[in-house]
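Below: one structure, written as structure tokens.
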Amino acid sequence: MNNMPAILVLAPLLGALFAGLAAWIQKQLSYYIALTAMAVSCFAAVSVLKDVVEAGTMQYRMAGWAPPMGIELKIDLLNAMVLVLISAIAFLNLVASVKSVEQEIPDRAPSFYVMYLLFVVGLLGVSATGDLFNLYVLIEITSLTSYTLIALGDKDRGHLAALNYIFIGVIGASFYLLGVGYLYITTGSLNMADVAVILKGIQGSSAVLTAFILCILGVWIKMALFPLHVWLPNAYSFAPVGFARVVAPLMTKVMVYVMIRLMVTVFGLDYILDTLHLADAVVWLAVTAILAGAFMALSQTDLKKMLAYIIVCEIGYMVGGAWLGNDLGMTGAILHILNDALMTFALFLAVGNIIYMRKQVAFSNLPGLFSAMPWTMAGFVLAGLSIIGVPPTCGFFSKWYLVLGAFEAGAYHFAAALIISSLVCAVLFFKVFEICFFASAPGDPDHHVAGSPQPIHYIHAAGHDRAGGDSGAGTHPPAGVMAEAPVSMLAALGLVSIAIIAAGVYAGTIVNTIILPFLQ
Amino acid sequence: MSDILSLIVAKYNFWLYIILMMIGLYAMIAKNNLMKKLVGMNIFQTAIILFYVSIGYKHGATLPIIQGGHGGHSAHDAVIRAADYINPLPHVLMLTAIVVSVATFGVAMALCVRIYQRYQTLEEDELRMRVSEKNNL
Amino acid sequence: MLWPIDLIVLTFVIFCAIAAITVRDLLGTAILFSAYSFLMCLLWAVMGAVDVAFTEASVGAGVSTVFFVAAVFRTSRRTKD
Amino acid sequence: MEILISIKPLLTVLVPLLVIPILVSSSQKPNVREAWIFGGGFVMFFLVASMVPAVLSGSKIVFTLFKLAPGADIAFAVDGLGMLFALVASSLYIVTSLYSIGYMRGLKEHGQTRFVSFFALAISATMGAAFSANLLTLYLFYEILSLATYPLVAHHEDAKSKISARRYLVFILGTSIGLVLPAMIYCYHVTGTLAFSTAGIFAGQLSKPAATVLLLMFVFGFAKAGIMPFHSWLPAAMVAPTPVSALLHAVAVVKVGVFSIVRVITGIFGVDLLAAFNLGTMVMVIASFTIIVSSCIALSQDELKRRLAFSTISQLSYIVFGVALLSPSGQLGGVIHILMHAFGKITLFFCAGAIFVATGKKYISQMKGLGRQMPVTFAAFFIGSLGVIGLPPTGGFYSKWNLILGTLEAGQTVFMAVLLVSSFLNAFYFLPIVYQAFFGKGKDDLSDAPVTIQEANLCLVVPLAITALASIGLFFFPRMFVDLIVLGLNL
């Protein structure tokens, strides 16, 4: 039997154990153990994906017990993709984290790595398991570790943000658990495939309806679908950078995965669309989420907060796409899980680099970044364009499928919301680009780049002569001087940037080999 | 009328778990003190555990332990009827859930202590005020 | 006839829950909360979930209360509501 | 039609891209850097030129890069239309490179490496747009081009360029995402393909109202074409250094906009569909409005570059106008105006830049008598003006002639008046400049002493002379280009 699925999840778990122990010997050791564990997990994930693509769905029975009694890891194409995504992002982030953890929380670095690995175990488990109750436990492992990790962040507000996150997270998880309870009452099983078979016969039952609504509601709270999003912006922006970079792209996306898994595998799309007639309402909800997220992002003056609201907006994309009720929309939603994870990761990596050099990312701290950190900003621009949806970055292609799906379903309001949010994102990002591109603070017309003579026609236009123009330089010492982040952080950003383009140009391949076969 | 009453009586612990849940939810939303909110959270979680235990409960059933089941002959002789035993699976699940809830509770408590150390209060309105004061400085 | 017992216990459980969140002293809350947990254990034991009851008694009623009391001593007993 | 599979179109797009890292790495050695620009430019041009015989013989060169969905790949296809545009852009890129070296060095501009890098990126995107096989690919390169030109417009990093760059993006990106993208996806939804074909892709699947809305979304959505009311980014973008204005805002960027509209009209809707729904007239009304109004605005501008910008807006609408005539001569005249206007207008921009570098003057009222000082420049300016007005012996005459023929063919004699009126307006806003420059007297120009010749440096003068001569050359040898268009549009 191929043990790769188990290795995939167990490697970080054992890694966490050893990293904790190794910290007693030497603090630095725990980092290398964590790195090794994630590398092993990443390798296993890739090999699992390869096997699944070649040989179809893979079932792994923990300790050999057969379902529905035993615990089963069931890995089909969707899981495999999400697993590769999680392990790769977690690994890359670990590479980038060594410096930022050193800077932010030097005294608690080992516990950071231990918690980090446990968090990743939770995410991987959520994506790999084929059992509804295990899903709950793993979600809670993920949440618990993320509470503690967020609390390691901002000294003033991190704790409060984490506590609010706990309250809402517990409600979400409890709703899900209740839903599972109802499912158990009606079906007597907890294995997803088993439940799905039994549910086919009893679709009219009100207990099933209750179960479904509770499960979905719980997952929505966990994924921060508007208006259940209030915990997210603070939690993500006050977390330590090393953790924000991984929780922002992965946590919500994994929850979207759970939603899609529940919809497609457990309850069945037929049940949801034909029996419930909720789809229209949910698409409207998604439209509201998209617009609200986009416009709330518009009013932020801190880059991290702005990105957090963009996540709220993007969640609307995926929920709406999944509920459109056709293959194109679902394809778009699944593709967007992958793409959005990559884009958000790249954005947060870039933000991490900026924080590493400048401590803060309020807009007033950003001027002159293009000349100071050209490589970081290149990655940031690319990811930003991807969020806007400019080809050939990957964001365009998921939007493509989503809008196509919206047309096919006749949901023109959803298509309009997608387009409007793209425009708002364009405004948002170009606002940031502009601030970073121009070296001076906004509204300071006297300024120009240090060391370059001012062009003559500009002087004509501005109405003052050359002699007066030279004094503007020097307000920003870093202008024109390179002050880039460490290589490890740049390398991670570079790889993700390549991935953004690659996921874009190979979108057709991804859809044809992974998503469409999964949906069939 | 008596139908409804009998429905309520027959499934009384399902109704009561809902009442407990609401109490918990109310405390989490409406209470001002963080500790009180935490108590509410715990009540909320135990309500769900109660729900699960109720799933397994059957009138007139007994604990799921088979007499002489280990190696004896009686197990083979007597027919085992599922209706005679309480379903043990939800119980087992709840062991995990309890551990999860206590872990959450512990983390939340630790956070409360930290918050108190920094802001000298656990009241939410006062906290909000002090946080915004800090931001403005 | 067993069910009146668990009905009585349930009533107490709810009473304790309401009291725990209304009393204006956090230490009182801690005590009532521990009583709540203990009654919950009892309820579960009555309902045949002995293993759950044991766990709740040790972990829920025991450890949680210790956490709570310790936390109250490290912060304050004051509460506005 | 013969289909050839060749990697050449891709190479054409890649060459300028591959040069960029070299440009960046040699930022400390300007001479090496400039050598590479020329190297890249010539390689690109020869690649394009090497495909001309095949295209002229009626073949189509295709290359599929990535498969996305059926009918919507990232793919290249070289036909006559794309070839015409690619030839224009790649040849003018070389000339402009020479010019920009003179200009940027002459003014000791900052950030020259950034400038040339984004310039190369922009030309690469232009090539991609020219060789696109379907609307998706075209849209892709259209967007890349928008983004690549942003740093060029904002080059000076001052308050004015900041506002202009912002306006530029709002218009260009706003329309392309807000109008073109949904329209394109809707097309794909209806037909399942986006590949250009002269017969159109809809095949009767579209009602008249839907077709009208879609067409309007495309015509206004490709705001680079400067159709009013989405034109005001173009005068604003004139804050960019003159080589940018010359190549991008007279040739590459704006022509990509027009080219896209031409592609949509001829390749997506198809002439027959538009004729059946009588939608050509609607587009012509929009274009005529832009032609007349922007010509009038141009008359009132004193800053030379702004006057040229408004002139560009009106000339671009000629192209849209011609294609929307839906008659063979009209379409020929419209499309060939891409070529003729490019050479004429770039000459004018080169002159404006040369005047500015040599004398620092940028307002028309300051240029009286300047022609005696800079005879070559103003002679070229004169030729450029003739080209834009459409008088012999310049290529512009050829396109105007065909446009007028086209209106007759299509029976739209009313619109012939538009062409004539606008030609007069063109003459009014260009020829006085030349007259004043040679024969007028500046205020401080009281003495009758012989003026000394003070041309700008050679790097500036040679390019403008070349383009002026080419403009005349096109009058005598338009044959090849006409063939390309006839093949491309299946006239």
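Quick look at the values:
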{"quantity": "Among D:458-466, A:49-57, the order from most to least packed when residues are scored by Cβ within 10 Å on average", "calculated": "D:458-466, A:49-57"}
{"quantity": "Relative contact order, percent, the range C:33-80 [alpha-carbon distance under 8 Å, six or more residues apart]", "calculated": "37"}
{"quantity": "Cα gyration tensor of the range D:263-337 - equivalent ellipsoid semi-axes, whole Å, descending", "calculated": "27, 12, 8"}
{"quantity": "Whole-Å distance, taken between Cα centres, linking the range D:310-338 and the range A:124-197", "calculated": "63"}
{"quantity": "Principal axis box of chain D, alpha-carbon based, largest edge first, Å", "calculated": "73, 55, 44"}
{"quantity": "Rg to Rh, two decimals, where the range C:26-75 supplies the alpha carbon set and Rh follows Kirkwood", "calculated": "1.07"}
{"quantity": "Largest-first principal axis extents of the Cα set of the range A:234-322 (Å)", "calculated": "44, 26, 14"}
{"quantity": "Degrees between helix A:158-187 axis and first principal axis of chain A (Cα, 0 to 90, nearest 10)", "calculated": "20"}
{"quantity": "Candidate residues D:400, D:441, D:160, A:305: accessible-area rank, largest first, probe 1.4 Å", "calculated": "D:441, D:160, A:305, D:400"}
{"quantity": "Förster radius 30 Å - calculated FRET efficiency between residue A:519 and residue A:358 (Cβ-Cβ, nearest 0.05)", "calculated": "0.10"}
{"quantity": "0 to 90° range, to nearest 10: angle between helix D:80-106 axis and chain D longest Cα axis", "calculated": "30"}
{"quantity": "Where a label projected 7 Å from the Cα of residue A:54 along Cα→Cβ would reach, residues of the range A:496-514 with amide N under 16 Å", "calculated": "none"}
{"quantity": "Descending semi-axes in Å of the protein assembly as shown, equivalent ellipsoid built from Cα gyration tensor", "calculated": "67, 33, 25"}
{"quantity": "Label-point gap, in nm, between residue D:455 and residue A:482 - each point 7 angstrom along Cα→Cβ", "calculated": "4.1"}
{"quantity": "Largest to smallest accessible area among B:22, D:44 [probe 1.4 Å]", "calculated": "B:22, D:44"}
{"quantity": "Backbone N within the range A:107-122 under 16 Å of label point (7 Å from residue A:27 Cα along the Cβ vector)", "calculated": "A:107-115"}
{"quantity": "Gain in span if fully extended, residue D:2 to residue D:26, counting 0.36 nm per residue against the direct Cα distance", "calculated": "4.3 nm"}
{"quantity": "Entries in A:74/A:253; A:99/A:399; D:29/D:361; A:431/D:160 that, when Cα-Cα distance is taken, lie over 24 Å", "calculated": "A:99/A:399; D:29/D:361"}
{"quantity": "Kyte-Doolittle mean at least 1.0 and Cα axial length at least 27 Å: DSSP H helices in chain C", "calculated": "C:3-22, C:26-46"}
{"quantity": "Inter-part distance where the range B:83-125 and the range C:52-75 are each reduced to a Cα centre, Å", "calculated": "10"}
{"quantity": "Angle in degrees between helix A:206-223 and the longest Cα principal axis of chain A, rounded to the nearest 10", "calculated": "20"}
{"quantity": "Neighbourhood charge, 14 Å Cβ-Cβ cut-off, centred on residue A:516 and excluding it, Lys, Arg +1 and Asp, Glu -1", "calculated": "-1"}
{"quantity": "Solvent-accessible heavy-atom area per residue, rounded to whole Å², over the range A:216-281 at 1.4 Å", "calculated": "22"}
{"quantity": "For residues of A:163-170, the mean tally of beta carbons on other chains within 10 Å", "calculated": "6"}
{"quantity": "List D:455, D:157, ordered by accessible area with a 1.4 Å probe, largest first", "calculated": "D:455, D:157"}
{"quantity": "Within chain D, percent of DSSP bridges classed antiparallel, to nearest 5", "calculated": "70"}
{"quantity": "For residues of B:29-38, the mean tally of beta carbons on other chains within 10 Å", "calculated": "6"}
{"quantity": "Per-residue mean of C-beta atoms belonging to partner chains within 10 Å, peptide D:155-166", "calculated": "6"}
{"quantity": "For the range D:1-261, the spread of Cα positions along each principal axis, largest first, Å", "calculated": "58, 41, 27"}
{"quantity": "Extreme residue, positive dipole direction of chain D, given options D:383, D:97, D:150 (C-beta unit charges)", "calculated": "D:150"}
{"quantity": "Protection proxy ranking, peptides C:58-65, A:225-232, D:408-415, average beta carbon neighbours within 10 Å, highest first", "calculated": "A:225-232, C:58-65, D:408-415"}
{"quantity": "Net charge, residue D:170 excluded, C-beta distance under 15 Å - Lys, Arg +1, Asp, Glu -1", "calculated": "+3"}
{"quantity": "Cβ-defined net charge surrounding residue A:392, 14 Å radius [Lys, Arg +1; Asp, Glu -1]", "calculated": "0"}
{"quantity": "Semi-axis lengths, Å, chain A, gyration tensor of Cα atoms, sqrt of 5 times eigenvalues", "calculated": "41, 27, 20"}
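The values are calculated or read from the model by the stated rules, or taken from the named source; none is laboratory data. What you see is a predicted model; the values in this text were computed from it and never measured. Neighbour counts are summed over all protein chains in view; Cβ atoms, including those assigned to glycine, are modelled from backbone coordinates with ideal geometry. Note: accessible area is taken over every heavy atom of the protein model, side chains too, but ligands, DNA and RNA are not part of it. Shrake-Rupley method; radii C 1.70, N 1.55, O 1.52, S 1.80 Å.
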